[in-house]
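Student: Here's a structure for you.
What follows is calculated from the coordinates using simple rules that are stated; it is not laboratory data. Computed from a prediction, not measured in an experiment: that's the story for all the values here. Because the Cβ atoms are built from the backbone with ideal geometry, glycine has one as well, and the counts that use them run over all protein chains shown.
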Amino acid sequence: IWAIAAVFYAYENCLQVSLSTLIDQIQHDFSISLQQASTINACYFLTYALAQLVVGHLLDRYGPRVPLTCAVLICSLGTLVFSLSTNYWIAIIGRFLIGFGSAFAPLACLQISSIVFQSNRFAMLTGLTLTFGMAGQLLGEAPLSRYHSSMPRNKERKSEAPLNIIRLAQPLHT
């Protein structure tokens, strides 16, 4: 289950930085200013930071399996909402959902590391978790930028969201 959580952590890090590659397209598609486009991006970080206050409590109370499964679904729903949005406010709601769901990934990885593995492996697994996160950020920048420039925004946004639910949530309950 740690590997699944680590892949989700990489994915959420990809989502975290991916909007920077879309900023011009978002401004154009929604006919908004750079400040408004930045607000859409900031919604992720605001929600992510605030959610940390409750995520640790939820993980301690229920363990990682159910909260992490719900988080993957919420994050995927947010990606779907954002990808289908044609309205500035709907895009903001999508980013709020993505930020909330994403907040579970790093803490769940750490909790799973402490439960499943011996304590003398915690630092190594924490480093490996952070490596997964950085890999996700790398994929969210240059490669994703090339992908975005190769097709219209609405088409590529619609193609990424539905599969995320299937790819990430299904193995958590097997």
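Student: Take region 5-120, compute every pairwise Cα distance, and split them into 5 Å bins from 0; I just need the percent in each bin.
Tutor: Computed distribution, short to long bins: 2, 13, 22, 22, 15, 11, 7, 4, 2, 1, 0.
Student: What length, rounded to one decimal in nm, is gained on full extension from ALA42 through to VAL116, with 0.36 nm per residue of separation minus their alpha-carbon distance?
Tutor: Value of the extension gain: 23.2 nm.
Student: Further question on the same structure: I'd like the Karplus ³J(HN,Hα) series for region 120-131: coefficients 6.51, -1.76, 1.60, θ = phi - 60°, whole numbers in Hz, and an x wherever there's a Gly or Pro.
Tutor: Values, residue by residue: 6, 9, 4, 5, 5, 5, 5, x, 5, 4, 5, 5 Hz.
Student: Fully extended, how many nm does the chain gain between ILE1 and SER20 (0.36 nm per residue separation, minus their Cα-Cα distance)?
Tutor: Stretched fully, the ILE1-SER20 segment lengthens by 3.8 nm.
Student: Starting from the 7 Å offset along Cα-to-Cβ, what nm value, one decimal, do you get for the label separation of TRP89 and SER33?
Tutor: 1.9 nm
Student: Once label points are set 7 Å from the Cα along Cα→Cβ at both LEU138 and LEU53, what is their separation, rounded to one decimal in nm?
Tutor: 3.6 nm
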